[in-house]
Amino acid sequence: MLDHEGVELMDAKPLEFAAFLREYDRPGNVVLLEGKRNVKPDDAPLLTALGRVLAANSRYLLFRSGNAAGADALFAAGVTAVDASRLQVILPYTGHRKAYNQAGSSLALDTINLTEEPQIVYESRLHKGTASLIDRYVSGTRNAYTIKASYILRDTVKVLGAAELPKAAFACFYDDLDAPRQGGTGHTMAVCERNDVPFVDQRIWIQWLP
């Protein structure tokens, strides 16, 4: 089956997947792929498969992740198996998990001037219990406590972009469906909602797999 631009589609729920590609496979669009570090063993191959399916069946899409273990790494493995140059990762600090980073491009949080990114700071401060840590991090304090803030800020940047980095157009998450929308993944989903970035979790994207 071909979409409107002649891209061959995987043979799984083609109407739904075709509709996604028609809407989002356009130059400059970024799809965020991220989720929980703890991935059920039976689910792990599905995450890699999604990254591969999305990259193989799209022409223009770029993909963004956070270079974390678990869901991020599994999604990234699928994308890089097709085209590593289309994967970008946002790092909480320079050198984060360097040995595991196979992305075509990387942006570390400590290279972003957060004093010029008020929306990133505002959205990050909304994460429960981290507002004071965010303020201390942005003011320049770096220690074992404020490093926690860098992960929340990183998650916000993944959605909103920064400076020359564009905002995400769509997001696919792997969540803990027994305790959904918690921690950094829950924060990232909330940032998507507040900033009109559509997203799905595995209950939807699993239907896109062959």
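Taken together, the values in this text are just the output of simple stated rules run on the coordinates, not laboratory data. Just so we're clear, the structure is a prediction, and the values are computed from it rather than from any experiment. Cβ sites come from the backbone with ideal geometry, for glycine too, and all protein chains shown count toward neighbours.
Things worth noting here:
- Within segment 14-48, the only residue that satisfies the criterion of being among the small types (G, A, S), in contact with a helix residue (DSSP H, G or I) (Cβ under 6 Å, 6 or more places away or on another chain) and assigned to a helix (DSSP H, G or I) is A44.
- Residue match in segment 174-195 (condition: farther than 28 Å from R26 by Cβ, assigned to a loop (DSSP other than H, G, I, E, B), of a type in the set (K, R) and under 16 Å from the mean Cα position of the chain (by Cα)): yes
- Pairs with Cβ under 7 Å, 6+ apart, first in segment 15-26 and touching a residue at least 60 places away in the same chain (Cβ under 8 Å) and hydrophobic (A, V, I, L, M, F, W, C), second buried (at least 18 other Cβ atoms within 10 Å of the Cβ) and in a helix (DSSP H, G or I): F17/W208
- The lone exception for P210 - which of (1) surrounded by 13 or more Cβ atoms within 10 Å (Cβ to Cβ); (2) farther than 21 Å from Q88 by Cα it fails: (1)
- Residues that are part of a loop (DSSP other than H, G, I, E, B), more than 15 Å from the chain's Cα centre (by Cα) and among the charged types (D, E, K, R) within segment 146-173 comprise just one, E164.
- Subset of segment 156-182 [buried (at least 24 other Cβ atoms within 10 Å of the Cβ) and within 15 Å of L91 (Cα to Cα)]: T156, V157, K158, V159
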